[in-house]
Structure formats: structure tokens, C-alpha cells
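A quick write-up on the structure given underneath.
The values are calculated or read from the model by the stated rules, or taken from the named source; none is laboratory data. Computed from a prediction, not measured in an experiment: that's the story for all the values here. Counting neighbours? That spans all protein chains shown, and the Cβs are built from the backbone with ideal geometry, glycine included.
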Ligand SMILES: Nc1nc2c(ncn2[C@@H]2O[C@H](COP(=O)(O)OP(=O)(O)OP(=O)(O)O)[C@@H](O)[C@H]2O)c(=O)[nH]1
Ligand SMILES: [Mg+2]
């Protein structure tokens, strides 16, 4: 464990845990960041991970769980009073209740503290009492990492870059039209600023729908409680070097700077720089189902998202981190229960190829990385079905749309991921080789044995990589 984590845990232990009298030593804290682009599977991952750490019957690949070193696990009040708590109980009730359903989309950063009591191990085990480890799990949208690039850009630079992309984009035409009606040097007029911002936000949302990933400022898409505030009421304007005071241009510039200092910097300072371990969830199957452009977009987005893990590139982040770094990063393809396990190897190869640029960069920064395919909540069972004289490896589950049980063959993923990634890079508009189909399954009704968490695929392996060494 890295020293900064220990000292941080010690400081927090003294600050916030009144019970330190009984614990002779400080209690280390490990912060686990969970991120991914929208709908990647963050909420379901955290809910199932916590449920499976509380009830460890299905966590055999987590060594400390298998060998009984984890004595107990329990939820505790989190240390950060101003961060919303991750609504674990609500999400678990949705997933495992009598009418199981997927939890609602979440739009803000949230946090949960799980504390583990561990039996001592090793040479000194006879002399030590149990130790405690606090695992602080932080859920935050991957889109927020894309905002890091704004910190290095002035308002005119940012505006010029954004405006240069727009003419070629269908989704931007309305905003460009509105832009012709405003005079940047005229005095600032709030209704006009609001109209401009509304059109710009509409463009960003449409671009996101169309599969573009370069949709920052990220908080425009996920405003949360900042909705309608001045930090989100701006948009790009053409360069105006000598814009007078109180002009629209000056006010937009001021708000852009406020977005950087009041939204972007606090997120990196308060959340990002405190993360010790990180899991980046990727819904690669959905992208594959959507076609080559979506796959290429996802690859580029992953590269950008993960540039935040390469300190040194950004002066602000480097100075905040002061040498501290994320120690481990796991890239996980989610929803692997959509595929028969025969195809999981291909899925892992794809996620490795998809994030290879990004992983090289993270490795460059000294973090240990790994890739795997998992299902946080297994919603299907496997089944071989004959079809035209061959056995197809299918999965069976309850369809989300109709509620009916169905067996489903998603298509054969290629053994060589280049067969998907190369056409994607070269701008192909549809797959020539394979036919990949998407299907949404509802969570299955469960009757859990005492001591068992919800069913999953390789969640225990993910946990072993992320926290196993600290247990
Ligand atoms: N079959 C299956 N589907 C899953 C699994 N995990 C997530 N999903 C599907 O993916 C959707 C999104 O999962 P969430 O966990 O809500 O994703 P998120 O990243 O938190 O999404 P946002 O909060 O909207 O950013 C769910 O509604 C499910 O349809 C899984 O393990 N198996
Ligand atoms: Mg969520």
C-alpha cells in the first residue's frame, strides 16, 4: 500500500472515526473509483460488488474471501459529508426484489463506504488483533474526465476548436443558425445568453445521440443540480479580440472560466486525485452491435477518458497529484452474460485492443493494468441449440421488452479483434464479416441461499485485482 493512502486514512481515522480509542493503529482507507461512459454498467457493478462483499459465497476467486481472511463486512457512514451517498439499498432492491428491474440512470457522483474486518495473516498473525480496511467506492461519469482538456484552453481557443467541428455536423446546424443572429460585441443580454446556451446544449445532446464522444463540457449533458446556473449558460462564440467590457463575449468568457474553476477543478481536486484504484467499465458489446463507427468512437473516447490517468500532460493535474498516482486500473467489458462463455476470450481480446493505446499510457504512468470481461449481475443461462446442423452457443433469459423467456445467439465475435477494429478505424459503415445482434435481458428473479450474493461472472476476479493485495 502506498504511503499517502495510509497517512490519508490515518488522518481521516482521527478526524472522523470517534472510535479510534479501541483501534490501536490507524485504519487504512482505499478509494476505489468506478467510471465509464453513460450506461456502461457502473451502478449495477457497484451494487453487485458490495452485495457480494457483504455475502461472499460467490467470491471464490477473491482469495481473502475464499480463505476466510475477511471476518466481516459492513456499510458505514462515508467520510465525505457533501457527496451524495450511493443509493445501495434502493439499487439492490431494484435488482433483487420480487419484480427485478434495472436501476434508474444516475447522473451525479456518489460514494459508499464498506468496511472490512480482516484476520491477521503472515508471521505476526499470532500477535495481532483483527485489522480494519475502509473501502470507499466512488461512482462518477466517465464524461467528466473529458473536461480535463478544457483546463489548458482559453475561451477563445476552446470556441475556435468547437466551432471548427460544427459545420460538418448535421446536429449543429440549428446552433450555427442561432449564432448568426448574435453580435458578440453587443452588451450582454441574459435571454440571448440563455438561448445560445440552450441551443448549444441541444447540439451536444444530439451529437451524443449521433455517437460523437467529443461532447464536452461534460456537465452540459449531465447537469445535475447545476442546471440553469450561469456556469452552464454559455456557448462558443467566434473570436473577438477587442470585445468590450460587459459584452456578450466577455460574459461568456467569464462563465467558461467559472466552469473550469468551479466545476472541473473541484471534481479533479475533491474526487479524482484521491482515487487509489480505478475500474473503467466499457459496454463494448453495445458498440459492436451498433456498428464500426460506434466502435471507433468508443476507442477514441476511451483514449481521451484515460488521458486523465497520464499525469504530466496536464499542469493543473500534475500539481494536484504531487506524485500520487492511481495504483491499479482495471478495464472491464460489462454485460458478458450476453455471450456464451465460449466467446468470453474473444470479448477480452476486443477490450484489450480497444483500450490498448489507453493502457499503454496508463502503464507509462506506472499504474498496473488488467482487462477482463464480466457480468455484474448475471441475467442469463447458457444453452447449446442446434441450428442448420451446427450447435450454436446461446444464452437464455427474460427479454426486457416482452418479459418472455428466449434463447439468443448474438453472433460470432472474431478471434482476432483487428477484424473489428481495423474496419472501424478505416471508416467502414457496417460490418462485412459478422452479424451482431443486440438483446436486452431483464434481471432474473432470484432466490439466494444465505451467504450468497447475487449471481455474477468474474466479479470476484475483478475484486481480486482491484483490492485483493490490500486484504
Ligand atoms: N445483462 C446484463 N445487463 C447489464 C449488466 N449490467 C448493466 N446492464 C445493463 O446496462 C444498463 C446500464 O447499467 P447501469 O449500471 O445503470 O449503468 P451506468 O453506467 O450506471 O449508467 P448511467 O448511470 O446512466 O451512466 C442496465 O440498465 C442494464 O440494462 C449485467 O451485468 N448484465
Ligand atoms: Mg449509474
For this session: Scan segment 284-307 and give yes if some residue there is in contact with a strand residue (DSSP E or B) (Cβ under 6 Å, 6 or more places away or on another chain) and not in a helix (DSSP H, G or I), otherwise no.
Result: no
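Does residue 98 satisfy being within 27 Å of residue 403 (Cα to Cα), more than 16 Å from ligand 2 (Cβ to nearest atom) and either surrounded by fewer than 17 Cβ atoms within 10 Å (Cβ to Cβ) or at pLDDT 95 or above (or both)? Explain how you work it out, then say what you get.
Numbers: within 27 Å of residue 403 (Cα to Cα): yes; more than 16 Å from ligand 2 (Cβ to nearest atom): yes; either surrounded by fewer than 17 Cβ atoms within 10 Å (Cβ to Cβ) or at pLDDT 95 or above (or both): yes.
So residue 98 passes the test.
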Problem set entry | residue 329 in a strand (DSSP E or B) and either modelled with pLDDT of 90 or more or in contact with a helix residue (DSSP H, G or I) (Cβ under 6 Å, 6 or more places away or on another chain) (or both) | yes
Exercise. Between a first residue in segment 90-106 that is closer than 15 Å to residue 49 by Cβ and a second residue that is more than 14 Å from ligand 2 (Cβ to nearest atom) and assigned to a loop (DSSP other than H, G, I, E, B), which pairs have beta carbons less than 7 Å apart while being 6 or more apart in sequence or on different chains?
Worked result: 95/443; 95/454; 96/446; 96/454
Exercise. Taking segment 420-435 as the search range and keeping residues that are over 24 Å from the mean Cα position of the chain (by Cα) and crowded, with 16+ Cβ neighbours inside 10 Å, which one is nearest to residue 397 (Cα to Cα)?
Worked result: 431
Problem set entry | residue 267 at pLDDT below 95, within 16 Å of ligand 1 (Cβ to nearest atom) and either surrounded by 17 or more Cβ atoms within 10 Å (Cβ to Cβ) or in a helix (DSSP H, G or I) (or both) | yes
Exercise. Quick one: how many residues across segment 172-209 are over 25 Å from the mean Cα position of the chain (by Cα), surrounded by fewer than 19 Cβ atoms within 10 Å (Cβ to Cβ) and in a helix (DSSP H, G or I)?
Worked result: 12
Exercise. Which of the residues belonging to segment 308-342 are surrounded by fewer than 18 Cβ atoms within 10 Å (Cβ to Cβ) and touching a strand residue (DSSP E or B) at 6+ places or on another chain (Cβ under 8 Å)?
Worked result: 341, 342
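Being over 30 Å from residue 216 (Cβ atoms), within 16 Å of ligand 2 (Cβ to nearest atom), at pLDDT 80 or above and buried (at least 17 other Cβ atoms within 10 Å of the Cβ) narrows it down to one of 44, 50, so name that one.
Values: 44 fails: over 30 Å from residue 216 (Cβ atoms).
Every option except 50 fails the conditions.
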Exercise. Where residues in segment 332-352 are outside any helix (DSSP H, G or I) and closer than 17 Å to residue 45 by Cβ, which of them is farthest from ligand 2 (Cβ to nearest atom)?
Worked result: 333
